[in-house]
Amino acid sequence: MVVVGEGTIAKRRSYAVLISHLSPRMTEAGLSDDLKRIRDLIDEYREANVVDPPRASAVLKTIEGIAGKYGLEVKDLDVLYDELMRMEHSAMPYGLRVLGMELSDDEIVDYLTLALRRDRGVVKSLHRLLAEAMGGYNYDDLLERPGKYANILRLIDEGGLKGLSGR
């Protein structure tokens with residue numbers, strides 16, 4: 001049982017005994033396919049806006065159509081992109097813990113990536129250290145405006161994953 005209330009109900013109904021109560025592991029929330037599509041279309045819009053304005057207009061209409069299904073405003077694409085990046089990298093519980101079942105290699109990498117993304121008191125996160133090493137970037141500034149620094153943040157993510165997984 002993962003939720004304390006679930007364990008209480010199980011005990012009450014079947015005289016169950018709780019062996020342990022472990023929190024579920026955490027993972028990054030990620031984005032649904034439609035929200036990933038919006039994120040990619042915003043990148044495409046930015047490029048098209050410079051080289052092909054008519055195509056940029058069509059891409060913007062596509063963004064507005066998909067975003068409308070989710071109640072997202074498209075007044076400012078930078079703000080929308082920042083919100084998508086925040087949603088994508090937010091932490092969420094993932095699955096249930098099963099006594100005696102070990103995590104797969106991919107699950108371990110996923111967990112460590114999430115754990116090392118955040119500072120721990122005075123200990124700097126792996127992502128903060130990579131940002132500083134890649135050109136002296138202030139990681140707080142990068143997180144404040146993820147849309148503006150999307151390419152740098154992707155490089156940091158890829159660098160962190162390569163270091164963890166050996167890929």
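Out of everything in segment 135-155 that is hydroxyl-bearing (S, T, Y) and surrounded by 19 or more Cβ atoms within 10 Å (Cβ to Cβ), what residue ends up being modelled with the highest pLDDT? The selected residue is Y139. Flag: L72 does not match the condition of being surrounded by 15 or more Cβ atoms within 10 Å (Cβ to Cβ) and outside the structural domain of R39 (by TED's automatic domain parsing). Helices (runs of 4 or more DSSP H) fully within segment 45-139 that include at least 1 residues being within 17 Å of E28 (Cβ to Cβ), in contact with an Asp or Glu (Cβ under 7 Å, 6 or more places away or on another chain) and in contact (Cβ under 8 Å) with a residue 40 or more places away in the chain: 77-89, 105-117.
For segment 140-156, the set of residues classified as touching a residue at least 40 places away in the same chain (Cβ under 8 Å) and in a helix (DSSP H, G or I) consists of A150, L153, listed by residue number. Residues in segment 119-134 that are of a type in the set (D, E) and either loosely packed, with under 11 Cβ neighbours inside 10 Å or farther than 19 Å from E158 by Cβ (or both): D119 only. Restricting segment 156-167 to residues that are farther than 12 Å from A133 by Cβ and not basic (K, R) leaves a set whose member that is modelled with the highest pLDDT is D157.
Kindly evaluate Y94 against the criterion of being surrounded by 13 or more Cβ atoms within 10 Å (Cβ to Cβ) and either hydroxyl-bearing (S, T, Y) or within 18 Å of L143 (Cβ to Cβ) (or both). Here the answer is yes, as Y94 does meet what is asked.
The values are calculated or read from the model by the stated rules, or taken from the named source; none is laboratory data. All of these numbers come straight from a predicted model, not from anything done at the bench. Virtual Cβ from ideal backbone geometry, glycine too; neighbours counted across all protein chains shown.
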